[in-house]
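J.: Input: one structure, supplied below.
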Ligand code: SAM
């Protein structure tokens, strides 16, 4: 899989790619990352990438021409882009779709490429989005700066605006690094142990687990959209706190049940919103009801 990052601060990424899984994935040839300096696509003495906003207001805006030129150098042409992660679903507002319908020839060279604009105004980037992106051949990430990017770049070239959370960063570089990291580790072969991508917070449900080995009992559940359970390692006792006894007894069924309960507890405590979309079995639902009653009794509500 190939990542292309367009930025005015290419040096931002230099340390980031030299550690851990990102470095190993590149060394193993599973992922390549190319960082493109937006200023290389300017033609004036000052290498200008920004200009004042039409209509007045604070700050500067990234000009469209250098970004368009950078995208052209990567084989991306202006068109009504696919508007999604690759699911075929068009996320664009109807008026944008109508305005561009039939205007440009389909860009077949970009069949398995998605152009993503990092933006606080974007769709939320989630683990499910990372799973979708990990199926693609190439992802182009555009890092905004200042007040953002001239909107016509979004309309003409971007498949999706993507936000990494409800806060405003000073630039898209951190957001691009987040999207790259979360996506790249889901590319097949990147994680040493394939299974570790399946048993994590926001993961797939049990039914979708592909790494089971026949005849080997599993001590974990697919999270099915819940948070992960707590983890412990040696020593068994630390500062007077013992690791839960159930984890030390080697009974896979009991460990599995305990972990599921912990996933439900943590999710109820920290992210109750996730429970609405989670894949829960009737047994989970019963357990959750008990935990809710426990919680109500503890808080007196
Ligand atoms: N005027 C913009 C707004 O209010 O939405 C904020 C611009 S921000 C200061 C500059 C750049 O940081 C954006 O163009 C975008 O690329 C990036 N950025 C900021 N917050 C982000 C977020 N939550 N997710 C992804 N990118 C973000």
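J.: Can you pull out every residue in region 11-57 that is surrounded by fewer than 17 Cβ atoms within 10 Å (Cβ to Cβ), over 19 Å from the mean Cα position of the chain (by Cα) and part of a helix (DSSP H, G or I)?
T.: Across region 11-57, the qualifying residues are 11, 18, 24, 27, 39, 40.
J.: Under 8 Å between Cβ atoms, which residue pairs at least 6 apart in sequence (or on different chains) link something in region 64-78 that is closer than 22 Å to residue 53 by Cβ with a partner that is surrounded by 17 or more Cβ atoms within 10 Å (Cβ to Cβ) and modelled with pLDDT under 95?
T.: Close Cβ pairs (under 8 Å, with a partner that is surrounded by 17 or more Cβ atoms within 10 Å (Cβ to Cβ) and modelled with pLDDT under 95) amount to 68/78.
J.: Quick one: is residue 189 more than 8 Å from the ligand (Cβ to nearest atom), surrounded by fewer than 17 Cβ atoms within 10 Å (Cβ to Cβ) and closer than 21 Å to residue 24 by Cβ?
T.: On the way: more than 8 Å from the ligand (Cβ to nearest atom): yes; surrounded by fewer than 17 Cβ atoms within 10 Å (Cβ to Cβ): yes; closer than 21 Å to residue 24 by Cβ: yes.
Yes; evaluated as a whole, the condition is true for this residue.
J.: Oh, and also: Which one of the conditions (1) over 21 Å from residue 131 (Cβ atoms); (2) modelled with pLDDT of 95 or more; (3) surrounded by 15 or more Cβ atoms within 10 Å (Cβ to Cβ) does residue 240 fail to meet, given that it meets all the rest?
T.: That leaves (3) as the condition not met.
J.: Now for a separate question. Which one is farthest from residue 201 (Cα to Cα) among residues in region 131-145 that are within 6 Å of the ligand (Cβ to nearest atom) and assigned to a loop (DSSP other than H, G, I, E, B)? Walk me through it before giving the result.
T.: Residues of region 131-145 within 6 Å of the ligand (Cβ to nearest atom): 143-145.
If we keep only those that are assigned to a loop (DSSP other than H, G, I, E, B) as well, we get 143-144.
Values: 143: 27, 144: 29 Å.
Filtering first and then ranking leaves 144.
J.: For residue 165, work out the one condition from (1) within 27 Å of residue 268 (Cα to Cα); (2) touching a strand residue (DSSP E or B) at 6+ places or on another chain (Cβ under 6 Å); (3) near the ligand (Cβ under 8 Å from one of its atoms) it doesn't fulfil.
T.: Unmet condition: (2).
J.: Among the numbered criteria (1) within 16 Å of the chain's Cα centre (by Cα); (2) touching a residue at least 60 places away in the same chain (Cβ under 8 Å); (3) outside the structural domain of residue 278 (by TED's automatic domain parsing), which single criterion is violated by residue 171?
T.: Answer for residue 171: the failing condition is (1).
J.: Please pick out the residue among 236, 297, 278 that is in contact with a strand residue (DSSP E or B) (Cβ under 9 Å, 6 or more places away or on another chain) and over 28 Å from residue 126 (Cα atoms). If you could, list the steps in order and put the result at the bottom.
T.: Values: 297 fails: in contact with a strand residue (DSSP E or B) (Cβ under 9 Å, 6 or more places away or on another chain); 278 fails: over 28 Å from residue 126 (Cα atoms).
Criteria check complete, one pass: 236.
J.: Something else about it: Do you know which residues across region 65-77 are in contact with a strand residue (DSSP E or B) (Cβ under 8 Å, 6 or more places away or on another chain) and either not in a loop (DSSP other than H, G, I, E, B) or not assigned by TED's automatic domain parsing to the domain that holds residue 154 (or both)?
T.: Hits for region 65-77 are 67, 70, 71, 73.
The values are calculated or read from the model by the stated rules, or taken from the named source; none is laboratory data. Here the structure is a predicted model, which is why all the values come from computation and not from measurement. We place every Cβ from the backbone using ideal geometry, glycine too, and count neighbours over all the protein chains shown.
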